[in-house]
Amino acid sequence: MAGVVTLVVALATVVWLAFGAPSDWEGGIRWLRHGLVLGCLGLFTLSARLIFPATREDAPDPMSD
């Protein structure tokens, strides 16, 4: 559930930045906008890890060679 919520928040923020954010952001605010986009990329990664957690059973056994 937390993964889906994180995914929706990241997606909503990216859509707002792409279509709804003021396009006249210049100077330091422009860097904030780029930082928000990179932060959303991190949220997408986090949501994928929360939705599909890796377990020890999924990992290959190094002793099986």
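Brief remarks follow.
- Adding -39500 (n - 2.57) for every DSSP H run of four residues or longer, then dividing by how many residues the chain holds, sets the calculated 222 nm ellipticity at -20000 deg cm²/dmol.
- Averaged per residue, the chain has 83 square angstrom of accessible surface, using a 1.4 angstrom probe with ligands and nucleic acids left out.
- J(HN,Hα) series, region 18-25, from Karplus relation 6.51 cos²θ - 1.76 cosθ + 1.60, nearest Hz, glycine and proline x: 6, 10, x, 5, x, 7, 9, 5
- Between the helical axis of 28-51 and the longest alpha-carbon principal axis of the chain there is an angle of about 30 degrees.
- Checking every one of the trypsin sites (Lys or Arg not before Pro) in the chain against DSSP loop status and a limit of 12 other Cβ atoms within 10 Å picks out Arg56.
- Tail fraction, Cα-Cα pairs, region 1-51, threshold 19 Å, whole percent: 30
- When a 1.4 Å probe is rolled over the protein heavy atoms, the share of accessible surface on region 1-51 that falls to carbon and sulfur comes to 73 percent.
The values are calculated or read from the model by the stated rules, or taken from the named source; none is laboratory data. These figures come from a predicted structure and were not determined experimentally. When we count neighbours, we look across all protein chains shown, and the Cβ atoms used for this are built from the backbone with ideal geometry, even at glycine. Accessible surface areas use protein heavy atoms only, side chains included; no ligands, DNA or RNA. Shrake-Rupley method; radii C 1.70, N 1.55, O 1.52, S 1.80 Å.
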